[in-house]
Amino acid sequence: MKKHNVLITGGAGYIGSHTAVELIEAGYGVIVADNLYNSTLAAVEGVRKITGVDVPFEQVDCCDEEALRGVFERYEFDSAIHFAAYKAVGESVERPLKYYENNVGSFVVLMKLMGEFGRRNVLFSSSATVYGEARELPVTESTPRLPATSPYGNTKQICEDILRDCVASSEGGVCGISLRYFNPVGAHPSALIGELPRGVPGNLVPFITQTAAGVRAKLSIFGNDYPTPDGTALRDYIDVVDLARAHVAAVSRLVEGRAEAGYEVFNIGTGRPVSVLELVRVFEDATGVRLNYGFAPRRAGDVPAVWADVRLANEKLGWTAVSPLADTLRNAWKWEQKNS
Ligand code: NAD
Ligand code: WQD
């Protein structure tokens with residue numbers, strides 16, 4: 001059987017490196033392309049160590065068309081997964097052009113080259129942020145996208161639309177899937193790869209593990225007056241290895257010609273809402289570490305609750321999140337202890 005290769009842009013990053021591992025373990029070949037803006041070669045080494053495969057790595061900026069063309073010329077692959085992007089929501093409000101230039105620019109370059117080289121399948125890393133403060137919960141793929149509340153969120157909507165339009169166009173020749181991730185958390189159980197937050201973490205789980213490790217003095221829980229059972233906000237925390245496996249399922253759907261439309265969208269979450277307080281308690285129980293935390297005002301821009309209806313992904317991708325939250329948080333803690 002022919003071995004299918006997958007180009008992974010942003011493949012040295014948090015989700016990309018886990019996806020590289022799962023693709024290799026499912027029998028795919030991978031090529032990692034990353035400019036190391038938010039990652040290091042250690043992640044590529046981690047992928048090599050876990051899989052025992054000498055994964056090819058190309059240090060390129062995906063906005064640089066000539067450099068990325070070189071990667072297309074050097075490697076055979078039918079599919080690309082586009083993780084490469086900046087992801088700091090707050091910074092995107094301060095520096096919108098940086099986000100439009102990189103997140104949209106890199107995707108336009110990738111799509112041009114996919115067309116030019118006749119490479120067929122594209123997976124795009126989208127986000128639950130496209131739903132904003134949804135009026136119906138859980139959100140399904142047909143829940144309307146609301147106007148983005150940040151330039152970062154807008155880049156996700158724009159790139160989803162670019163993919164949809166390229167698939168529909170006569171010059172396209174590509175098939176595409178957007179995966180809307182909810183809240184990716186955790187690390188590979190080997191602790192060889194995980195999330196590398198820059199500076200003070202904005203996301204909850206890295207802030208919790210850094211607090212547990214003594215790097216941060218105290219966790220502030222933003223808001224305990226939301227209209228939720230315990231007053232803290234509800235999210236859908238998806239284990240990064242489960243999330244990585246969703247990419248394997250989606251690539252296989254494209255490669256095996258099982259897609260029911262040229263362009264498809266799937267929510268990737270657990271389908272289970274978890275409050276901030278509940279997550280803190282599960283972390284404490286799973287690790288035996290007591291967390292210093294207190295309540296603080298709501299964080300600007302946060303929605304009270306968002307979680308996924310995952311039936312479409314379960315049915316069409318044959319994929320389900322399986323990791324218990326306690327295991328996920330234990331893996332996050334193991335990764336933190338190795339790194340702090
Ligand atoms: P990450 O920062 O760890 O990974 C992104 C990788 O892309 C990094 O290694 C970075 O160096 C690289 N990169 C950025 N711009 C590049 C460019 N122009 N050329 C080449 N490489 C470039 O982030 P992540 O958490 O792994 O996120 C991966 C994707 O998933 C992103 O598109 C992100 O927006 C999306 N996403 C992430 C989350 C989350 O909470 N982590 C949620 C929803 C969607
Ligand atoms: C989760 C909950 C916070 C930190 C963000 C992006 C989104 C997506 C995923 C990319 C919220 C609370 C957090 C802290 C806290 N990324 N919290 N104290 O905001 O759901 O989503 O990451 O696409 O676009 O917006 O994730 O981890 O920041 O927060 O109380 O120190 O934890 O208020 O309720 P969020 P998060």
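What follows draws every value from the coordinates through simple rules; no lab data is involved. All of these numbers come straight from a predicted model, not from anything done at the bench. For neighbour counting, all protein chains shown are included, and Cβ atoms are generated from backbone atoms with ideal geometry for every residue, glycine included.
For the range 1-156, what is the charge dipole size about the Cα centre, in debye to the nearest 20, if Lys and Arg each add +1 at the Cβ and Asp and Glu each add -1 at the Cβ? Write out the running numbers ahead of the final one.
Values: 15 positive and 20 negative charges, 54 e Å.
Approximately 260 debye in magnitude.
Any chance you could run the full-extension gain for residue 146 through residue 322? It's 0.36 nm times the residue separation minus the Cα-Cα distance, nm to one decimal.
Numbers: separation 176, 0.36 × 176 = 63.36 nm, distance 2.97 nm.
So the chain would gain 60.4 nm between residue 146 and residue 322.
What does the C-alpha gyration tensor say about the overall shape of the range 1-88? Classify as rounded when a/c is under 1.5, otherwise prolate if a/b is larger than b/c, or oblate.
Numbers: a/c = 1.75, a/b = 1.14, b/c = 1.54.
Oblate shape, in that a/c is at least 1.5 and b/c is the bigger or equal ratio.
Hydropathy first: keep DSSP H helices in the chain averaging at least -0.5 on Kyte-Doolittle, then drop any whose Cα extent along the axis falls short of 18 Å, and list what survives. Please list the in-between numbers first.
Values: long enough: 151-168 (25 Å, -0.34); 240-255 (22 Å, 1.21); 325-339 (21 Å, -1.41).
Membrane-span-like by this criterion, though nothing is claimed about a membrane: 151-168, 240-255.
Starting from the range 118-193, pick out the trypsin sites (Lys or Arg not before Pro) whose DSSP state is loop and whose Cβ has at most 13 other Cβ atoms within 10 Å.
Numbers: sites: 119, 120, 135, 145, 156, 164, 180; in loops: 119, 120, 135, 145.
Filter output for the range 118-193: 135.
Assign unit charges at the C-beta atoms only (+1 for Lys and Arg, -1 for Asp and Glu), then state the dipole size of the chain relative to its Cα centre in Debye, rounded to the nearest 20. Don't jump to the answer; show the numbers that get you there.
Working: 34 positive and 41 negative charges, 122 e Å.
The calculation lands at about 580 debye.
Neighbouring Cβ atoms within 10 Å as the yardstick, rank 69, 235 fewest first. Could you put the intermediate results ahead of the total?
On the way: 69 16, 235 24.
Ascending Cβ contact count within 10 Å gives the list 69, 235.
Among bridges DSSP assigns within the chain, what percent are antiparallel (round to 5)?
Working: 2 of 39 bridges.
Of all bridge pairs located within the chain, approximately 5 percent are antiparallel.
Modelled label-to-label distance, residue 298 and residue 261, 7 Å Cα→beta-carbon offset: nm?
The two pseudo-label positions are separated by 3.3 nm.
Once Lys and Arg get +1 and Asp and Glu get -1 on their Cβ, which of 122, 81, 332 lies farthest toward the positive end of the dipole of the chain?
With unit charges placed on the Cβ atoms, the residue in question is 332.
Determine the shape class of the chain: with a ≥ b ≥ c the square roots of the Cα gyration tensor eigenvalues, call it rounded for a/c under 1.5, and otherwise prolate if a/b is greater than b/c, oblate otherwise.
Prolate, because a/c is 1.5 or more and a/b exceeds b/c.
Given a cut-off of under 8 Å on Cα pairs at least six residues apart, what relative contact order in percent is computed for the chain? Before the final figure, lay out the partial values.
Values: 681 pairs, mean separation 64.5, N = 340.
Result for the chain is 19 percent.
Note down the relative contact order for the range 228-340 as a percent, whole number, built from C-alpha pairs under 8 angstrom at least six residues apart.
Values: 119 pairs, mean separation 47.9, N = 113.
Answer for the range 228-340 is 42 percent.
Determine the alpha carbon to alpha carbon distance for each of 2/112; 3/316; 49/98; 49/218 and list only those over 30 Å. Display every interim value, and only then the final one.
Numbers: 2/112 26 Å; 3/316 23 Å; 49/98 34 Å; 49/218 35 Å.
49/98; 49/218, as the Cα separations exceed 30 Å there.
For a quick check: with amide H placed at 1.01 Å from N, whose amide H comes under 5 Å from residue 238's, ignoring anything fewer than 5 positions away on the same chain?
For residue 238, the qualifying residues are 183, 185.
Go through the range 115-172 and name the chymotrypsin sites (Phe, Trp or Tyr not before Pro) that are in a DSSP coil and have 15 or fewer other Cβ atoms within 10 Å of their Cβ.
On the way: sites: 117, 124, 131, 152; in loops: 117.
Here the chymotrypsin sites (Phe, Trp or Tyr not before Pro) that fit, given the DSSP loop and packing criteria, are 117.
May I ask you to sort 181, 100 by Cβ crowding, counting other Cβ atoms within 10 Å and putting the fewest first?
On the way: 181 22, 100 16.
Fewest-to-most Cβ neighbours within 10 Å comes out as 100, 181.
Return 320, 129, 328 ranked ascending by Cβ neighbour count within 10 Å, so the fewest neighbours appear first.
Details: 320 15, 129 25, 328 28.
Listed from fewest to most nearby Cβ atoms, that is 320, 129, 328.
Using +1 on the beta carbon of Lys and Arg, -1 on that of Asp and Glu, and nothing else charged, what's the dipole of the range 68-150 about the Cα centre, debye to 20? Write out the running numbers ahead of the final one.
Details: 10 positive and 10 negative charges, 31 e Å.
Approximately 140 debye in magnitude.
Which ³J(HN,Hα) values, rounded to whole Hz and listed in residue order, are derived for the range 145-150 from phi using the Karplus coefficients 6.51, -1.76 and 1.60 in 6.51 cos²θ - 1.76 cosθ + 1.60 with θ = phi - 60°, glycine and proline given as x?
Going residue by residue, I get 6, 9, x, 5, 9, 8 Hz, with x marking Gly and Pro.
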